[in-house]
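Everything below concerns the one structure shown next.
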Amino acid sequence: MGALKKLKNKIPAFTLAEVLITLGIIGVVAAMTLPSVINEHRNKQYVVAFKKLYSNFSNAIIMFKADQGCEGIDVATCIEGMGYGDNNCNAFAEVAEKMKYVEMAPDGPSAGSWVPDKSYNYYGEEVSNGYGMVNKTGIGCFYGLPDGMVLNVDVDPNAFKVFVDTNGRKGPNRMGKDVHTFTVGCGDIASNLTEICIKTQKDIFPFVSGTFPSNVTKGLCSMENYLQGGCDDANMYPDVSGGASPSLYILTMDKLPDYREIANKVPGFRP
C-alpha cells in the first residue's frame, strides 16, 4: 500500500507556471498568424465572388444576344442595332434582367441606399464625381443584384462599360479587390482598333475603358492597351507594362494581386 502511494506521488504533471507559459506562447503565435489567416480567407472570398460574377455576366450576355438574334455577330453591332442611343439605361436593362436584378437607379445612384458611399481606385485613392464610380457620387445606370452586388454601367450606343462591386456596400470598395471593370463590345474605341477588337471574337473584356477619367483608370491597363498587345495577365504592378490588369489577373492566377508587395515597390500605392 505504501509503495502504491509513492508511485502515485511520482506521476508527472505540469505545474501552473508551465501551463501559463504554454498558453502564453500559443496566444502569441495565434496573434501573429490569425490576422494573416483571416486576410487570406477574405481575399479568397473576393476571388470567388468575382469569378461567380464573371460567369453570370458572361451567360447574361450570351442570352441577351440570343434574344436579339445576334448569335455569331459581335455584341457591339447587336447593341447598336437596338437603337437606344447614348446614356439610355434601357439598353442594358435587358442584360440586367438576365442577371435577375432587384434594384435599379436609372437617374443616378443617390436614389439607391444599396449603393456604396465611397469607392477607391487601384492605388487606394478615393474617387468621386464622374463615370465609372460605384458610389453615390458616380454617374451611370445602377443595378443591384440579389446577392448584393452593385453594377454601374456607362451605356454607349454600341458598347457597355461596366463597373461592379461584388459585395455592395461592404468594404473595401477598391478596384481589383471587390470592384472590377468590364468593357462589353468593340464600340467607343479608336477606329483603327475596332477591327482588331472584332477579330478577337470576344464580347466581354476584363479591362477598363480608356475613356474614363484618369483618376479612375490610374494604374490600370486599358482596353485600348490590350488591343495593341499590352496588358500582361500576370502583371499586378501599376507602373509596369502599361498598367496592371487586376480583373484578368484574378481570372488567370486565381488569386488577388499582393497589395502589400506592390506598396513596397510602388510609391503612393496603398496596401
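The values are calculated or read from the model by the stated rules, or taken from the named source; none is laboratory data. The model shown is predicted, which means the values in this text are computed figures rather than measured ones. Cβ: placed from backbone, ideal geometry, glycine included. Neighbour counts: every protein chain shown.
Quick notes on this one:
- A Cβ distance below 6 Å, combined with a sequence gap of six or more or placement on separate chains, defines the contacts here; from region 102-114, residues that are under 18 Å from residue 173 (Cβ atoms) reach residues that are basic (Lys, Arg) in the pairs 109/136; 110/136.
- Given (1) under 25 Å from residue 187 (Cα atoms); (2) modelled with pLDDT of 90 or more; (3) more than 15 Å from the chain's Cα centre (by Cα), number of the condition residue 50 does not satisfy: (3)
- Failed item, numbered, when residue 262 is tested on (1) assigned to a helix (DSSP H, G or I); (2) within 15 Å of the chain's Cα centre (by Cα): (2)
- Boolean, residue 183 is outside any helix (DSSP H, G or I), of a type in the set (S, T, N, Q) and surrounded by 24 or more Cβ atoms within 10 Å (Cβ to Cβ): yes
- Residue check for residue 231: of a type outside the set (Phe, Trp, Tyr) and within 18 Å of the chain's Cα centre (by Cα): yes
- Number of positions in region 214-235 that are in a loop (DSSP other than H, G, I, E, B) and in contact (Cβ under 8 Å) with a residue 60 or more places away in the chain: 2
- The residue list 211, 194 contains one member that is surrounded by fewer than 21 Cβ atoms within 10 Å (Cβ to Cβ), assigned to a loop (DSSP other than H, G, I, E, B) and β-branched (Val, Ile, Thr), which is 211.
- Tallying residues that are at pLDDT 90 or above, of a type in the set (S, T, N, Q), in contact with an Asp or Glu (Cβ under 8 Å, 6 or more places away or on another chain) and more than 21 Å from residue 76 (Cα to Cα) within region 199-247 yields 2.
- Checked against (1) under 19 Å from the mean Cα position of the chain (by Cα); (2) touching a residue at least 40 places away in the same chain (Cβ under 8 Å), residue 155 passes all but a single condition, namely (1).
- Candidates 129, 121, 173 - the one that is in contact (Cβ under 8 Å) with a residue 24 or more places away in the chain and either more than 20 Å from the chain's Cα centre (by Cα) or on the phi > 0 side of the Ramachandran plot (or both): 173
- The residue pairs whose first member lies in region 79-99 and is over 15 Å from residue 68 (Cβ atoms), whose second member is of a type outside the set (A, V, I, L, M, F, W, C) and assigned to a helix (DSSP H, G or I), and whose beta carbons are closer than 8 Å, counting only pairs six or more residues apart or on different chains, are 99/56.
- Taking the criterion of being under 20 Å from residue 254 (Cβ atoms), hydrophobic (A, V, I, L, M, F, W, C) and free of Cβ contacts under 8 Å to residues at least 12 places away in the same chain, the only residue of region 41-78 that qualifies is 48.
- Number of residues in region 242-255 that are in contact with a Gly (Cβ under 6 Å, 6 or more places away or on another chain) and in a loop (DSSP other than H, G, I, E, B): the value is 2.
- Filter result (among the aromatic types (Phe, Trp, Tyr) and either within 25 Å of residue 57 (Cα to Cα) or surrounded by 18 or more Cβ atoms within 10 Å (Cβ to Cβ) (or both)) within region 218-261: 226, 249, 259
- With a requirement of 3 or more residues that are of a type in the set (Asp, Glu), surrounded by fewer than 19 Cβ atoms within 10 Å (Cβ to Cβ) and modelled with pLDDT of 95 or more, none of the strands (runs of 3 or more DSSP E) lying completely within region 63-172 satisfies it.
- Number of residues in region 105-132 that are touching a helix residue (DSSP H, G or I) at 6+ places or on another chain (Cβ under 7 Å) and within 30 Å of residue 67 (Cβ to Cβ): the value is 3.
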